[in-house]
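Asks: Could you have a look at this structure, given as structure tokens, before my questions?
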Amino acid sequence: PLSPNAEAVQTKVYELEVLQEAADKVRAMAGSWTNSSTRNVYEAVMDGKTFIARNKNNFVIRAVLDGGSLEGTVTVPALKGWTDNDCWTPEYTVPVAGKVAADMRSISLQYMENRYNASFWRITGSGTNNTGHTNGECSGVTLTGSAPTDIVLVR
């Protein structure tokens, strides 16, 4: 306490405590998160300040934490979107941005979700109906646009 640099040492201790609290918050982001609307569970890890979360369908969020903000990408896996045909939408990766709540109990993210239209064979009767194709056989998937989409992950 009587040292000439006591005040500087105390200031440094406070700075280190603040850094430790920030590091603890970053580590606390690892673990299970649930999408509040779909109830899909995401398992998250922290690689430094990079938040990486994946659900069982291989939907992946990869974003860098900067204070309370997240910026990165969302990878949407190839999906079979319709039950009456064999059309699959392609996997794609788009930018994502969001915020982490101050209490670290929720993450709000926004990205542009691709929208697709499928073309497939509709055959009446049985078999291939002499077309060489089967009912529901995919003849094409077309990107028709995109729309803003929100994801809210909660603890």
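The values are calculated or read from the model by the stated rules, or taken from the named source; none is laboratory data. Quick caveat: nothing in here was measured; it's all calculated off a predicted structure. Glycine gets a Cβ as well: all are built from the backbone with ideal geometry, and neighbour counts include every protein chain shown. The protein model used for the area step is the full one, side chains on, heavy atoms only, and it has no ligands, DNA or RNA in it. Shrake-Rupley method; radii C 1.70, N 1.55, O 1.52, S 1.80 Å.
Asks: Using alpha-carbon pairs under 8 Å, 6+ residues apart, how would you state the relative contact order of region 48-118 in percent?
Replies: Relative contact order comes out at 22 percent.
Asks: Also, I was wondering about something else. Here are a few candidate values for semi-axes √(5λ) of the Cα gyration tensor in Å: (i) 51, 13, 11; (ii) 25, 20, 14; (iii) 34, 16, 13. Which one was actually calculated from the structure I just gave you?
Replies: Among (i) 51, 13, 11; (ii) 25, 20, 14; (iii) 34, 16, 13, the one derived from this structure is (i).
Asks: OK, next. Mind checking region 1-61 for trypsin sites (Lys or Arg not before Pro) that DSSP puts in a loop (not H, G, I, E or B) and that have at most 16 other Cβ atoms within 10 Å?
Replies: Those that pass, being in a loop and sparsely packed, are R39, K49, K56.
Asks: For labels at D66 and L143 in the simple 7 Å Cα→Cβ model, what's the distance in nm?
Replies: 2.5
Asks: Positive end of the charge dipole of the chain (Lys, Arg +1 and Asp, Glu -1 on Cβ, about the Cα centre): tell me which of L2, M104, I61 has its Cα farthest that way.
Replies: It is I61, whose Cα lies furthest towards the positive end.
Asks: How far is helix 6-28 tilted, in degrees, relative to the longest principal axis of the Cα atoms in the chain, given as a value from 0 to 90 rounded to the nearest 10?
Replies: On a 0 to 90 degree scale, this one is about 20.
Asks: A further question follows. If you average 1/r across every pair of different Cα atoms in region 7-67 and take the reciprocal, what Kirkwood value do you get, in Å?
Replies: 13.3
Asks: Ignoring everything except DSSP H segments at least 4 long, calculate the 222 nm mean residue ellipticity for the chain; use -39,500 (n - 2.57) per segment, divide by total residues, nearest 500.
Replies: Value at 222 nm, helices only: -5000 deg cm²/dmol.
Asks: On the full set of protein chains, 1.4 Å probe, figure out the accessible area of R105 and give it in Å² to the nearest 10.
Replies: Counting only protein heavy atoms, the figure is 130 Å².
Asks: Have a look at G136, T73, L153 and report the one farthest towards the positive end of the charge dipole of the chain, computed about the Cα centre with Cβ charges (Lys/Arg +1, Asp/Glu -1).
Replies: The listed residue farthest towards the positive side: G136.
Asks: May I pose another question? Check the chain and count each lysine pair with an alpha-carbon distance under 21 angstrom, considering only pairs eight or more places apart or from different chains.
Replies: Here the count comes out as 5.
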